[in-house]
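Let me begin by presenting the structure, written as structure tokens, before commenting on it.
The values are calculated or read from the model by the stated rules, or taken from the named source; none is laboratory data. These numbers come from a predicted model, not from an experiment. Backbone-built Cβ (ideal geometry, glycine too); neighbour counts: all protein chains shown.
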Amino acid sequence: MLVHPVKDETFREEVLNHNLPVLVDFWAPWCGPCRMVSSIVDQVAEEYAASIKVVKVNTDENPSTASEYGIRSIPTLMIFKDGQRVDTVIGAVPRTTLSNTLSKYIK
């Protein structure tokens, strides 16, 4: 599995301290659009496996991280680079939109 679940306790280590750009999928199991975008996130994780890390944060189980980053609508996809949030995509977007956004942060 290329997309790893991350919890409040591991977010700093897994995302902020990681040496590659990290795509974070904030989601919840009851969210229909989250399920739609999940397959796109999986495809992107596979396509960019050498260039980025992809993780998922269940907002129901990890409210601290969701609150810290102001998650008000899911799915929300955030890109982190060098420990900083550099971009955000909200909602179920096409793969091309996500790929184009990611391409700005991949070396």
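The table for this structure:
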quantity	calculated
Leading residue by the ranking (surrounded by the fewest Cβ atoms within 10 Å (Cβ to Cβ)) among those in the range 8-34 that are of a type outside the set (A, V, I, L, M, F, W, C) and in contact with a strand residue (DSSP E or B) (Cβ under 8 Å, 6 or more places away or on another chain)	Pro29
Leading residue by the ranking (modelled with the lowest pLDDT) among those in the range 75-107 that are closer than 25 Å to Asn17 by Cβ and assigned to a loop (DSSP other than H, G, I, E, B)	Lys107
Unmet criterion (only one of (1) over 16 Å from Val3 (Cβ atoms); (2) touching a helix residue (DSSP H, G or I) at 6+ places or on another chain (Cβ under 7 Å)) for Ile106	(2)
Every residue from the range 40-49 that is more than 14 Å from Phe26 (Cα to Cα) and surrounded by fewer than 17 Cβ atoms within 10 Å (Cβ to Cβ)	Gln43, Glu46, Glu47, Ala49
Test: residue in the range 11-27 that is among the acidic types (Asp, Glu) and without any contact (Cβ under 8 Å) to a residue 24 or more places away in the chain	yes
Residue ID - farthest from the chain's Cα centre (by Cα), chosen from residues in the range 1-49 that are over 13 Å from Leu98 (Cβ atoms) and of a type in the set (Phe, Trp, Tyr)	Trp30
Those residues of the range 50-85 which are over 16 Å from Glu14 (Cβ atoms) and exposed (fewer than 15 other Cβ atoms within 10 Å of the Cβ), in sequence order	Ala50, Ser51, Asp60, Pro63, Ser67, Gly70, Arg72, Ser73
Failed condition for Ala92, given (1) surrounded by 14 or more Cβ atoms within 10 Å (Cβ to Cβ); (2) small (Gly, Ala, Ser); (3) under 12 Å from Val3 (Cβ atoms)	(3)
